[in-house]
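All remarks here apply to the structure that follows.
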Amino acid sequence: MSKRGAILVISGPSGAGKSSIINKISDKIGAYYFSISTTTRNPREGEQHGREYFFVTKEEFEKEIENGNFLEYATVHGNYYGTSLVPVKKALEEGKLVLFDIDVQGQSIVTSKLADITTSVFLTTPSLDELKKRLYNRATDDAQIIEKRLEQANGELEEIEHFDYLIINDNLDEAAKELLSVVQVARLKSSKEEIADFINQWK
């Protein structure tokens, strides 16, 4: 039975260490595709097409909407942002693990549309105080933005029950080991289509 790819969705508060942990295990998880959003906003200084985002025109984006090529999309501050199905489908057909680092609303959409090949993880700090400390120590946002992120984190925590796994990033190495275990489980998840194919072959 040829194995198609799988999807792993990682959500959690900004500052919980998602990027650090993904980077720590990236060379141990086998072939994967990190899902990048498509946007109509202009690139910021230092950003590259195909790295931070896929940058397209409004017309190109709307054509992709018409063609049904977005898993999800939204308008933020007058610009479109969305997850294109085209590279995701390609990666799945190549047997890769597709990684999503998205918010809880995005997780809900991906899971509802691709439930049988999706595994989800909520990654967070041990406490709100610890998250606050990390965000202030990171010093990439002003106090007003940090307070908004903390308020958002409180709301996101209410959604943990909708995830398959919870990882508490108290120790980076331990959290990385736990995420690696989840990656291995995600790769073993079989879609309904794969199960039906196997049953037909087995008989």
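Laboratory data are not the source of any read-out in this text; all were calculated from the coordinates shown. Model, not experiment: these values are computed from the prediction. As a convention, Cβ positions derive from the backbone with ideal geometry for all residues, glycine included, and neighbour counts pool all protein chains shown.
See the values below:
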read-out: Whether the stretch 36-94 is rounded, prolate or oblate, judged on the alpha carbon gyration tensor where a/c under 1.5 counts as rounded; value: oblate
read-out: Relative contact order, percent, the chain [alpha-carbon distance under 8 Å, six or more residues apart]; value: 33 percent
read-out: Those lysines that a straight Cα-Cα span of less than 23 Å connects to residue 133, excepting residues fewer than 8 apart in one chain; value: 18, 24, 148
read-out: Within the chain: Cβ-based charge dipole about Cα centre, in debye rounded to nearest 20 (Lys, Arg +1; Asp, Glu -1); value: 600 debye
read-out: Dimensions (Å) - the chain, Cα atoms, principal axes, largest first; value: 62, 45, 30
read-out: Partners for residue 203 among lysines (Cα-Cα distance below 21 Å; same-chain residues under 8 apart left out); value: 3, 192
read-out: The stretch 36-94: relative contact order as a whole-number percent, Cα under 8 Å and 6+ apart; value: 36 percent
read-out: Value of [θ]222 nm, deg cm²/dmol, for the chain, DSSP H segments ≥ 4, -39500 (n - 2.57) each, nearest 500; value: -13500 deg cm²/dmol
read-out: Part-to-part distance (alpha-carbon centres) for the stretch 144-203 and the stretch 21-100, which is given in Å; value: 19 Å
read-out: Residue 203 paired with residue 137, simple spin-label distance in nm, labels 7 Å along Cα-to-beta-carbon; value: 5.9 nm
read-out: Residues with amide H under 5 Å from that of residue 72, placed H, sequence gap 5 or more; value: 83
read-out: Exposed GluC sites (Glu not before Pro) absent: longest stretch of the chain, with sites in DSSP loops and at most 10 other Cβ within 10 Å deemed exposed; value: 46-157
read-out: Cα gyration tensor category, rounded, prolate or oblate, for the stretch 89-203 with a/c compared to 1.5; value: prolate
